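Only one structure is covered here, and it is reproduced in the block below.
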Amino acid sequence: MALHVSWAFVFGILGNVVSFLVSLAPLPTFYQIYKKRTSEGYQSIPYVVSLFSAMLWIYYALLKKDAMLLITINTFCVFIQTFYIVVYFYYGPKKEKLVTLKLILLFNVFGFGAIFFSTFFLKNPLIRLQILGYICMGFALCVFVAPLGILRKVIKTKSVEYMPFTLSVFLTLGAVMWFFYGLLLKDMNIAVPNVLGFIFGILQMILYAIYKNYPKKMVEDPKLQLSAQQVVVDVVKLGSTTVCLEVNAVGPNPNNGEGTDEAQNIKTNNTTDASNEV
């Protein structure tokens, strides 16, 4: 038993380190927001949901009483996600500020409040912990579907520019650490969601290996060719901590002069053909 506890501590520490590093991934995005003095074009929902997730796992860990390493990393996540939200809100347009405020009320005030008051006053502490654990696990499993969007985009565009390899590696490592942490504590609410996180992490790395040397070509989707656009990838890791990443990609500009040259060439060819016929 002591051996299991010690190994759980080791995996918990490693999970804290990996999750701490990945939680800092959005910092370059917010540096750009600071430089541009606007958060227009970005979304606040990943950070609001991440804050909600961290609050849930802290509440669960406090009731569980033997998951201190869950408390440490998610406490850090509460601070860093709050920082992200404050910066976003400060530099956001009025419309985005209202959207962010509504999301905070929905998830962090009413959502968390409803879960707290519906579970905290249950007389049986075991049932309370079990229900809260199911809520945390269900929420984590739902949000773990988020990487499907980026996987689809990589396959469709045959480009890995939307999927940083380093992040995929760290997400996979984090899933492994927290899976074994939950397994050694015999807590399936922690372990099970990270199985899905591990699978998606492996899929991302496989796709990266397949398409990393694939020749770049223009995206076939006409919607992506009409104007410059931003591709926002939100990877939310909820098995034990919360991760958000935003990657901006600018699509090709159709007004680069090629269309004018092509039209001119067609016009010249038609004139030449008509002269030959005369």
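The values are calculated or read from the model by the stated rules, or taken from the named source; none is laboratory data. These numbers come from a predicted model, not from an experiment. All Cβ positions, glycine included, derive from the backbone under ideal geometry; neighbour counts span all protein chains shown. Note: accessible area is taken over every heavy atom of the protein model, side chains too, but ligands, DNA and RNA are not part of it. Shrake-Rupley method; radii C 1.70, N 1.55, O 1.52, S 1.80 Å.
Give the residues of the range 68-95 that are over 24 Å from Thr119 (Cα atoms), assigned to a helix (DSSP H, G or I) and of a type outside the set (Ser, Thr, Tyr), sorted by residue number.
We begin by selecting, within the range 68-95, every residue over 24 Å from Thr119 (Cα atoms); these are 76, 79-95.
If we keep only those that are assigned to a helix (DSSP H, G or I) as well, we get 76, 79-91, 94-95.
Selection gives Phe76, Phe79, Ile80, Gln81, Phe83, Ile85, Val86, Val87, Phe89, Lys94, Lys95.
Only one residue in Thr38, Thr72 is modelled with pLDDT of 95 or more and open to solvent by 30 Å² or more (accessible area, probe 1.4 Å), so which one is that?
Just one listed residue meets the conditions, Thr72.
Working carefully through the options Phe52, Phe79, Phe9, find the one that is in contact (Cβ under 8 Å) with a residue 24 or more places away in the chain, of a type outside the set (D, E, K, R) and open to solvent by 60 Å² or more (accessible area, probe 1.4 Å).
Within the list Phe52, Phe79, Phe9, the selection yields Phe9.
Looking only at the range 145-161, decide whether some residue is within 26 Å of Leu70 (Cβ to Cβ) and touching a Phe, Trp or Tyr at 6+ places or on another chain (Cβ under 7 Å).
yes
Identify all residues within the range 177-217 that are among the hydroxyl-bearing types (Ser, Thr, Tyr) and open to solvent by 30 Å² or more (accessible area, probe 1.4 Å); write none if there are none. Working first, answer last.
If we filter the range 177-217 for residues that are among the hydroxyl-bearing types (Ser, Thr, Tyr), which is where we start, we get 181, 208, 211, 214.
Hits for the range 177-217 are Tyr208, Tyr211, Tyr214.
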